[in-house]
Each structure stands twice: as C-alpha cells, then as structure tokens.
1. Write out, first by first residue and then by second, each pair whose Cβ atoms fall under 9 Å of each other, whose residues are 6+ apart or on separate chains, and whose first residue, in the range 18-46, is more than 18 Å from Lys235 (Cα to Cα) while the second is of a type in the set (Val, Ile, Thr) and modelled with pLDDT under 95.
2. What are the residues in the range 275-312 that are among the aliphatic types (A, V, I, L, M), under 30 Å from Lys438 (Cβ atoms) and open to solvent by less than 60 Å² (accessible area, probe 1.4 Å), if any?
3. Could you tell me whether Gly221 is crowded, with 21+ Cβ neighbours inside 10 Å and either in contact with a Pro (Cβ under 7 Å, 6 or more places away or on another chain) or over 19 Å from Asp126 (Cβ atoms) (or both)?
4. Identify, from the list Ser29, Ser111, Ser68, Ser51, the residue that is in contact with a Pro (Cβ under 6 Å, 6 or more places away or on another chain) and of a type in the set (Gly, Ala, Ser).
5. Just give me the residues in the range 333-384 being open to solvent by 10 Å² or more (accessible area, probe 1.4 Å) and in contact with a Pro (Cβ under 6 Å, 6 or more places away or on another chain), in sequence order.
6. Considering Ala358, Ala351, which residue is more than 30 Å from Val237 (Cβ to Cβ) and without any contact (Cβ under 8 Å) to a residue 40 or more places away in the chain?
7. Considering the range 397-447 alone, what residues qualify as being of a type in the set (Gly, Ala, Ser), closer than 23 Å to Ala471 by Cα and without any contact (Cβ under 8 Å) to a residue 60 or more places away in the chain?
8. Tell me which residues, restricted to the range 12-66, are farther than 16 Å from Asp443 by Cα, open to solvent by less than 40 Å² (accessible area, probe 1.4 Å) and either among the small types (Gly, Ala, Ser) or part of a loop (DSSP other than H, G, I, E, B) (or both).
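The values are calculated or read from the model by the stated rules, or taken from the named source; none is laboratory data. These numbers come from a predicted model, not from an experiment. Ideal geometry is used to build each Cβ from the backbone, glycine not excepted, and the neighbour counts take in all protein chains shown. Heavy atoms of the whole protein, side chains included, go into the accessibility calculation; ligands, DNA and RNA do not. Shrake-Rupley method; radii C 1.70, N 1.55, O 1.52, S 1.80 Å.
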Amino acid sequence: MIFLKFGEIMSSPLAILGGSPVRTKPFFSRPCVDETDKAAVMQTMKDDCYSRFVGSNLPGTREHLESSSASLAELDAPYTFFGGQQVRNFERDWAKLHEVPYAVAMNSATSALTAGLMAADVGPGDEVITTPLSFTATASAIVAAQAIPVFADIDAETLCLDLESVKSRVSAKTKAIVFVHWCGNAGEFDELVEWAQKQGLILMEDAAQAPATVYKGKPLGSWGNAGVFSFSEPKNVMTGEGGMLITHDSKLAAKCRMIRNHGEVIPEMSDDDDFTVNLVGYNFRMVEMVAALGCAQTAKLERLNAIRNENALYLREGLSEVLVDYLKPQRLTHSESFAAYTAAFRWTGAAHGVSRNAVAQALRKEGIPVATGVGRLMSDHPMFQKKLAYGLNHFPFSCHLHGDMESLDYSASSLPVAHQVHDEEYLGFFLMGWPNGKDDMDDIIGAFRKIEVGLDDLKKLEEQEPVREVAFDRGRGK
C-alpha cells in the first residue's frame, strides 16, 4: 500500500502545514477477545466460581506450600489456600510456558514484584538497583517492599540497563537488581546475569512486556531468582488487571503464596524467623473469572506474539532507509523472538534543527499515534525527589538500617543517557499488536517518508515556532 500512496505523499505538504494526512481512519490498539474468552468467563459465573481462596490454615496447606504448580492444579478441592481451579490452571499453564516449576498468580504485576522482593528477604535498609525508564510500578514495588530504589543509567541503543552503570551504583547496602525488559527486549541480559550471580545479588526480572519470549535458549523471566508478568489491558495476554510471578525456587514460591493470601495465619511460634518474616497479611489474590480469561488468552499467545513480531520487524525494515541519519531503532538482542509491546525508536536530529517534539507533532497530524516517553522517568517522581513515601519522616529513605539518606542521588545529572533518550529522543509505537497488520505499518512508514520529504519545511516551522513541549500521549490510538 505504501508504494501506491507514495506519489500522493510526495506531492502533499505535511499535514502540520495544512496538507492531507497520511491516515484519516482511527488506529486501534485493543485486546484480542473472542468467543472462547467470553465463554471461559461466563462458565465461572454459571458455576458460581468467583474467588475460591481460603485465607485460613486449611489441613494440608503446609504440606503443599512448596508443591509445583502442575501438582497444585491436580488438587481435587474447590476451595484451597492456593485458590480455585482456574487460578491453579493458569499458574500451571504459565509455569509450563516459561519452563519453570512454580508460578504464582496475583492481582497485578506490581503485587507480584512486591511479593517476590519480600519473599527474597529484601526489606528495610536494602538498596535495589533498577532502571529509571519504566512504568512507575517497577520502582514503587521496591518501596512497597520497604527497600530503597537506586537508579542506574540505561544503554541508549537497547534501552535496557547498562551494566557498567549498574556496577557503579553498587554499595554495601545493595541487595538486589530489578531488570526491566523494555518493550520486550532483553538487552545484553546474559552479561548482567553472570555478573550479578558472581556478586551474590538477587535478580528480579520485570518481564511484564516480554511473555513467552526466548532469549539465548531460555524464556525471559526464568533467568533470575524470579520474573514477573503483567496482564493489564494493553499487554500481550490480557485479563484486565493481573500479574504472575515465576521461579525455580520452591521456598521463594512458598513465601510468595503466603504473602499473596494473608500468610500470617500459617506460621507457628516454633517456626524459624526466616519462615515467618514478611508475612504481614497482604491480599494479592486473583479471582476465578480473571484466571479463566488468562487461560483462554494464554492459549492464543503464540499467535498474538507472532503478530507483534511480524509487525515490528516489518516496520523496522520499512524504515531502515528512511531518515537514516536521524531515526534509530531500538537495538534488539533477540529479533527472531521479539514480541514488541512497543516498537521504540530514537530521533537524533535535534542538532540539525528538527526536535523529537516537532517530529511527534508532525506524526500525530498525519494520523499516527506516537508516545514520547512514559510521562516522566521514575527517578523524577516526587516520591524520590522529596524522598517521601511512608509518613513524613522520609521512610524508607531515612531508615536507620540504611543510615545515609543524603547519599541517595536522584538528580537528572546522575542519569544523563536516560534523560537524553526519554526527554529528547524517544518515539514509541504501541500499535504492533492485533488487530493491526502490515497495511497499518505502511501508514507509519508513509508518515515518516512524508516527514523526510518535508524535513526542510518542518525545520523552518520549528525555527519560527520552537516546540518546547509536546502533550503526553499514550500512543495507543483509540
């Protein structure tokens, strides 16, 4: 389609200058829900199955705390401490998909990451290194576990954590790393895994954007002590809201199962402190209808991931010879299995007179939704700038077990690459998933080709009216 339109694109001014836009029909980014999904949810209602969790210490609970997810799915019991049949089926499917023995379903990925950190005995006084380029939940989960986030810089090309920056942030208080597979990309993850293991650091994978993605022979999420996934509405597998933690560690899985479901009812006075710690009565449970939808969605994941992979690679190929001096795609370390949550690019043409913001405005006028970042880097949140989370005494930053609140540096100057990328370069397209296809990618390519042809005009416009800021947009269309 793009080639048929190219003559019109060449002859029409940029839409931002009054020309006809490349696209006039809405762009859609929505969940793939079919009759199978609806039937699965309706069946739970017909069976009056809503939540089958029991928060008390039922007979047999202690014996099953470290059972595999496959074994729990075989329990012949409608009500259990581990949830109902649909929750346990969802966990079994997710564990099998990611080649681990344990999966623990929760009400969000935020809850899953919080529980995982607490189960790994991360807590007051501990520092956890993570990226500033992520949704706020990545850092807030660390704070919810009573620990202190320390932000390392990113690699400009992969958009994932930069190992050398991580090394520079390590202190005597460092307990763990939370690595985010941004847009579904692993980055140079194997190098970080090897280094973290040598240092004895806990490694949590925020794989919310990378379900069933294989990197160097292993599924992402299965490399570290634990990995977490999100099932919020825009994700590859969607349950509205929801999350999953996976792990190879039976004791970590057992502790997560207790943290999820009012686990303070389980310990006895005779139990070791290691067993009892951090069981403070949280409720992170997933309901049966959500889990039933998750099972139905998981059955389609291979097809849905393939759509994202094909669209993202087609878009990258179509733009490979467009604006080559200015438009840089995220460097992928596993392109064959990359299932793009977002197709990410960097615009580096500001030094030549056309800013990222001007390009974003031009794209939107051409009918192309585009995101310019995540609202703000996590490190810029007032929680970290003011070091103010729980109460007015600056806990956990002021915790006596840490003892050096002033050493915590959340300034922009400490994260130069992340700020350069996010504030001045990032262009993200959320439109890789169903129902979008190559014709839709052609419209994105066409808009960039039109900008390439009209670049001098866009430069003149910006000289007259510099684009200092651009409105935040999710970039997901209708």
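1. Between residues of the range 18-46 that are more than 18 Å from Lys235 (Cα to Cα) and residues that are of a type in the set (Val, Ile, Thr) and modelled with pLDDT under 95, the close pairs are Val22/Ile9.
2. So in the range 275-312, the residues among the aliphatic types (A, V, I, L, M) come out as 277, 279-280, 286-287, 289-293, 296, 299, 301, 304, 306-307, 312.
From the residues that got through so far, the ones that are under 30 Å from Lys438 (Cβ atoms) too are 293, 296, 299, 301, 304, 306-307, 312.
Of everything in the range 275-312, those that are among the aliphatic types (A, V, I, L, M), under 30 Å from Lys438 (Cβ atoms) and open to solvent by less than 60 Å² (accessible area, probe 1.4 Å) turn out to be Leu293, Ala296, Leu301, Leu304, Ala306, Ile307, Ala312.
3. Values: crowded, with 21+ Cβ neighbours inside 10 Å: yes; either in contact with a Pro (Cβ under 7 Å, 6 or more places away or on another chain) or over 19 Å from Asp126 (Cβ atoms) (or both): yes.
Criteria met by Gly221.
4. Values: Ser29 fails: in contact with a Pro (Cβ under 6 Å, 6 or more places away or on another chain); Ser111 fails: in contact with a Pro (Cβ under 6 Å, 6 or more places away or on another chain); Ser51 fails: in contact with a Pro (Cβ under 6 Å, 6 or more places away or on another chain).
None of the other options fit; the residue is Ser68.
5. Passing the criteria: only Gly367.
6. Working: Ala358 fails: without any contact (Cβ under 8 Å) to a residue 40 or more places away in the chain.
From the options Ala358, Ala351, the qualifying one is Ala351.
7. Passing the criteria: only Ala412.
8. Answer for the range 12-66, where residues must be farther than 16 Å from Asp443 by Cα, open to solvent by less than 40 Å² (accessible area, probe 1.4 Å) and either among the small types (Gly, Ala, Ser) or part of a loop (DSSP other than H, G, I, E, B) (or both): Pro31, Cys32, Ala40, Cys49, Arg52, Val54, Gly55, Gly60, Leu65.
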